[in-house]
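A.B. asks: If you scroll down you'll find the structure; I have some questions about it.
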Amino acid sequence: MKITTKLEQAKEEGRTSFSFEFFPPKTEAGLANLFDRMARMARLGPDFIACTWGAGGSTQQRTLEVCTTAQSMHGLETLMHLTCTNLEKSKIDCALQEAKEAGIQNILALRGDPPRGQEYWTPCDEHFQHAADLVRYIREQYGDYFCIGVAGYPEGHMDTPDKDAELSHLKAKVDCGADFIMTQIFYNVEAFKSWVASCRAIGITVPIIPSVMPIPTHQSFRRITNLCRIEVPKPILDTLEDIKSDDQKVKDYGVKLALDMIRELQSFGDIGGIHLSTLNLERSARLILDQLTRRQHSQQQHPPQKALTGPWSVLLDPAHVENWDEFPNGRYGDARSPAFGENIYVAAQGFPTSEAASKWGYPTTPGDITKLFERYILGDLDSLPWCEDPLQTETDAIQQQLAKLNRLGFWTVGSQPAVNGAKSEDPVYGWGPKGGYVYQKAFIECFVQDEKIPKLLDKLKSDPSVTFYASNRKCEFLTNADADEHNAVTWGVFPGKEIVQPTIIERVSFEAWRDEAYHLWTEWEQQYPPDSKTAQLLKTIGDRYWLINVVHNDFQQPNSLFEAMLS
């Protein structure tokens, strides 16, 4: 069924349409657990679910799998995202044909983000420069079969500072055949209302669906809002600043804030529905619908059915399926979680080449790269392509050791000190609810020149408390860890709760991050002219250097990791 029909039905029934957004998990275990999660969330009665699309069609098959499973196994109407500027025409044709064959009738037509370093990038097909081109093409090829949505930006698009010009682009997408608009997430409701009024003033009449994201963690909230350049009202920032060290309070506030926003949007009235960006998490979405008194109504619409048997196995204790992964933590969260990897790999800021050059200069030797890493460790640089924020306060305890490692050519992109039972309220190391204790194993992640790898790994193998993973761009892989090892390097003990393990280092998460880490070398390289010394240097480094992750498992010996690395 078309989403516009769903919206009309909700309006006739005097209720607000609700929908969920998911993304294709990075791992097979995450996908299995997402299907399990979707089965429960289907009982909340969403009018449809959406699934995002990876850059360049990188998640095409998994996106289709999520959509078709939602429809065939759980009876959920689906909205498939589709981008065009990073995709050849043949792949667009294939994606649309497969969607139609799977019974998918709703497409969110997007331009797609150019790679960072876009000055030296061109679209794959000259016929698909903008989302309007994709809307027009779908209408030409499929007539009215697909219900087409397009993206709207209440605070303007980062590539179009002129808001009037951005509204003209939106009007063009609608005029090409779009049936509804789905917005980017926002937190300024007044700005959204004003933007809707501007849309209506220029003749845009299609339904507008606002997207709302319950805040998951303070760290991921900052990443996403910075990446998308979302304006966050000062009262929200002030509240978060007071509670940012208590993950549960941040999560609870995120639910309350989303509820307040939704109620204000409902009072405003000119909305097609509410689209909840779930980040593949469950509990916040359920709490929001519970408190909007929709739960009982939804269960009447969608009575519990006998579970259907799918081609996957549920991996977790059913008693804990809703909240076991509520606090995803960095690039080494639990790879079994559907939420693993959603906002971890957005490290580089997307600068135009001139801005990237002003930030990192024009390195021409490995020594220049070493100086950049050292400046970042010492606080003279705010970011690197792999690290979008300044180092956290806890790194102060190991700053000098990190600086020494970097001067020796071990370019660090991740680290943490050992912590043995700090209070959860500790201003430096604390996290989670009050009254608990937190622990950490020391670990370091760095790029190392290929010539140094054999000697380094031989030394690390001599310490029985050390485990490591090492790999390169060619996916050659070395480790001393067991094949199925899941190494919890951060955990917390809190009153009335099971032990929480938000950071787990294992082969599958390391390899997922490796792929992105080397992609970031490529993107940095592409921010310079292809024949420049800087671009050639960055390509050579990406080809020759290994990424290595080293954990010292004796967290009661805080200096042991650096002694092992510096020996």
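A.B. asks: Here are some conditions: (1) open to solvent by less than 50 Å² (accessible area, probe 1.4 Å); (2) assigned to a loop (DSSP other than H, G, I, E, B). Lys434 meets all but one. Which one does it not meet?
C.D. replies: The failed condition is (1).
A.B. asks: A further question on this structure: Scan the range 541-567 for residues that are open to solvent by 40 Å² or more (accessible area, probe 1.4 Å), in a helix (DSSP H, G or I) and either touching a residue at least 60 places away in the same chain (Cβ under 8 Å) or in contact with a helix residue (DSSP H, G or I) (Cβ under 9 Å, 6 or more places away or on another chain) (or both) and jot them down. Spell out the reasoning first.
C.D. replies: Taking the range 541-567 as the starting set, the residues that turn out to be open to solvent by 40 Å² or more (accessible area, probe 1.4 Å) are 543-544, 553-559, 563, 566-567.
Narrowing the set further to residues that are in a helix (DSSP H, G or I) leaves 543-544, 563, 566.
Passing the criteria: Asp543, Arg544, Leu566.
A.B. asks: Same structure again: Mind checking whether some residue in the range 370-382 is open to solvent by 10 Å² or more (accessible area, probe 1.4 Å), in contact with a helix residue (DSSP H, G or I) (Cβ under 8 Å, 6 or more places away or on another chain), modelled with pLDDT of 50 or more and hydroxyl-bearing (Ser, Thr, Tyr)?
C.D. replies: yes
A.B. asks: What's the number of the only condition in (1) free of Cβ contacts under 8 Å to residues at least 60 places away in the same chain; (2) surrounded by fewer than 21 Cβ atoms within 10 Å (Cβ to Cβ); (3) within 15 Å of Leu289 (Cβ to Cβ) that Gln61 fails to meet?
C.D. replies: Only one criterion is unmet by Gln61, namely (3).
A.B. asks: Still on this structure: Hey, can you tell me all the residues within the range 216-251 that are surrounded by fewer than 16 Cβ atoms within 10 Å (Cβ to Cβ), among the charged types (D, E, K, R) and either assigned to a helix (DSSP H, G or I) or at pLDDT 85 or above (or both)?
C.D. replies: Glu231, Lys234, Asp238, Glu241, Asp242
A.B. asks: Between residues in the range 361-378 that are polar (S, T, N, Q) and residues that are open to solvent by less than 60 Å² (accessible area, probe 1.4 Å), which pairs lie under 9 Å by C-beta distance while being six or more apart or on different chains?
C.D. replies: Correct list of pairs: Thr364/Ser532; Thr364/Thr534; Thr364/Leu537; Thr365/Leu537; Thr370/Asn406; Thr370/Gly409; Thr370/Trp411.
Here's the yes/no breakdown for (1) out of contact with any Gly (no Cβ under 8 Å at 6 or more places or on another chain); (2) outside any helix (DSSP H, G or I); (3) open to solvent by less than 10 Å² (accessible area, probe 1.4 Å):
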| residue | (1), (2), (3) |
| --- | --- |
| Phe468 | yes, yes, yes |
| Ala488 | yes, yes, no |
| Pro495 | no, yes, no |
| Phe510 | yes, no, yes |
| Glu516 | yes, no, no |
| Thr522 | no, no, no |
| Pro529 | yes, yes, no |
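A.B. asks: I've got another one for you. Quick check on Lys6: is it basic (Lys, Arg) and closer than 19 Å to Ser211 by Cβ? Let's see the steps before the verdict.
C.D. replies: On the way: basic (Lys, Arg): yes; closer than 19 Å to Ser211 by Cβ: yes.
In short, yes.
A.B. asks: If a residue has to be part of a helix (DSSP H, G or I), within 18 Å of Cys84 (Cβ to Cβ) and open to solvent by 20 Å² or more (accessible area, probe 1.4 Å) to count, how many in the range 137-165 make the cut?
C.D. replies: Quick first cut of the range 137-165, residues part of a helix (DSSP H, G or I) only: 137-142, 163-165.
Subsequent filtering for residues that are within 18 Å of Cys84 (Cβ to Cβ) retains 137-142.
Add one more test, that the residue is open to solvent by 20 Å² or more (accessible area, probe 1.4 Å), and what stays is 137, 139-142.
Residues flagged as part of a helix (DSSP H, G or I), within 18 Å of Cys84 (Cβ to Cβ) and open to solvent by 20 Å² or more (accessible area, probe 1.4 Å) within the range 137-165 amount to 5.
The values are calculated or read from the model by the stated rules, or taken from the named source; none is laboratory data. All values derive from a computational prediction rather than experimental measurement. Virtual Cβ from ideal backbone geometry, glycine too; neighbours counted across all protein chains shown. Just so you know, the surface numbers come from the protein's heavy atoms only, side chains and all, with ligands and any DNA or RNA stripped out. Shrake-Rupley method; radii C 1.70, N 1.55, O 1.52, S 1.80 Å.
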